[in-house]
1. When we measure straight from the Cα of Lys76, which lysines land under 16 angstrom away, once same-chain ones fewer than 8 places off are left out?
2. May I ask you to evaluate 6.51 cos²θ - 1.76 cosθ + 1.60, the Karplus curve with θ = phi - 60°, for each residue of segment 304-316 and list the ³J(HN,Hα) values in order in whole Hz, giving x for glycine and proline?
3. Choose one of Met138, Gly268, Gln235: the residue whose Cα lies farthest towards the positive end of the charge dipole of the chain (beta-carbon charges +1 Lys, Arg; -1 Asp, Glu; about the Cα centre).
4. Between Glu193 and Ala218, what length comes free when the chain is fully extended (0.36 nm per residue of separation minus the Cα-Cα distance, one decimal in nm)?
5. For the chain, what is the Kirkwood hydrodynamic radius in Å, using each pair of distinct C-alpha atoms?
6. Can you quote the Å³ per residue value for the convex hull of the Cα atoms in segment 235-333, rounded to an integer?
7. Mind ordering 287-299, 139-151 by average Cβ neighbours within 10 Å, highest first?
8. How high is the relative contact order of segment 87-240, in percent, with contacts defined as C-alpha pairs under 8 Å that are six or more residues apart?
Amino acid sequence: MWALHNQTSFAADRAIVLDKDGARHWVVVVKGTFDLDPRGKVTPAKEQLAPLAAPEYAGKNGASSLRYEADLVAAKPRTDVYLNATAHAPGGRPTTSMNVGLETPLGTKAIAVTGDRRWERSLTGNLEPSRPLPFAIMPIVYERAFGGYDTLDPDPRKHTLYDRNPVGTGLASLRAQPGVLLPNLELPGRSPEAEPAGYGALCGHWQPRARFWGTYDAGWMEKRKPLLAVDYDPQALQCAPADQQVGPHLNGGEAFGVVNLTPSGSLGFALPKHYFGFTTVIGRSRHEHRAKISTVVIEPDFPRVIVVWHTSLACHRQIDDIDYTEIVEKPYV
């Protein structure tokens, strides 16, 4: 019961997922890990990463940025594209500022990277940013973007949390406290307070994702618990920044690239093309279903790209009768 017969060279797993009305869905994902060579050639990696049932954080769970979001979730409305990377100064020569870029089918997204700065008091007594320190590499993580939790005031009622990036830095700089770090990462031409600069996955309890989970009030306690809220929106599952969500879904073959996120300066590649067939056997019946690309993770530091194909079969009353799902790779046409 609930077996997988995976005939592909990639990793696969399954889960039972409830929708907001409690109906059960059979979710199967195929996760492909691909090596990237300096010319952008994409080949299946020797080590294939397993699908994740839970998020993985860069540091302490729930108190650091998200490294990988879970794969075994309900269907996403769009494909998430996110990036785990490090800025590299051109030619390896330390610099105080530079731009990096991510090229997707939606266009190029640039981030301005600046060396470490702090608020300091000038000779005239004004608080000003210090001169940025030179750097050769800089992690592109939300810990270095605007945000954080300001607890400087002795009155806890005046503590401030930036709900779009609670792990960031520079929030206390709104009150210009001496010695407070400023963000290293900013979106060019935009206020750092408007949106944290980054390419990585956003945590589910951060805004704007958090508002899509719905309302859990006394009415929910009385009428809906333990189901999801009636105003739940599946956009809550979209973990990439909004300008990195490709709708409706990627197909494979699309062009991607990164700039100043590798020691060589740039790297371009096409998303691998693969097509899978899924056959789920429930008693005497066979159900054919297809997958969509739900997630693309680009990691130039390896370098590699991870692609997750996701399929969901609604079979609420038959879920306990599922024997197995067979996964085969078919010719891509």
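Bear in mind that the values in this text are calculations on the coordinates, not laboratory data. Since the model is a prediction, treat every value here as computed from it, not as a measurement. Cβ placement follows ideal geometry from the backbone for every residue including glycine, while neighbour counts extend to all protein chains displayed.
1. Lys20, Lys31, Lys292
2. With coefficients 6.51, -1.76 and 1.60, one gets 7, 10, 10, 10, 10, 9, 10, 9, 9, 10, 6, 8, 3 Hz.
3. Toward the positive end, the furthest listed residue is Gly268.
4. Details: separation 25, 0.36 × 25 = 9.00 nm, distance 3.32 nm.
That works out to 5.7 nm of additional length.
5. Numbers: mean 1/r = 0.0458 Å⁻¹.
Its Kirkwood hydrodynamic radius stands at 21.8 Å.
6. Values: hull volume 14.0 nm³, N = 99.
Spelled out: Cα convex hull of segment 235-333, divided by residues, is 142 Å³.
7. Most protected by this proxy first, the peptides run 139-151, 287-299.
8. Numbers: 294 pairs, mean separation 31.2, N = 154.
Across segment 87-240, relative contact order equals 20 percent.
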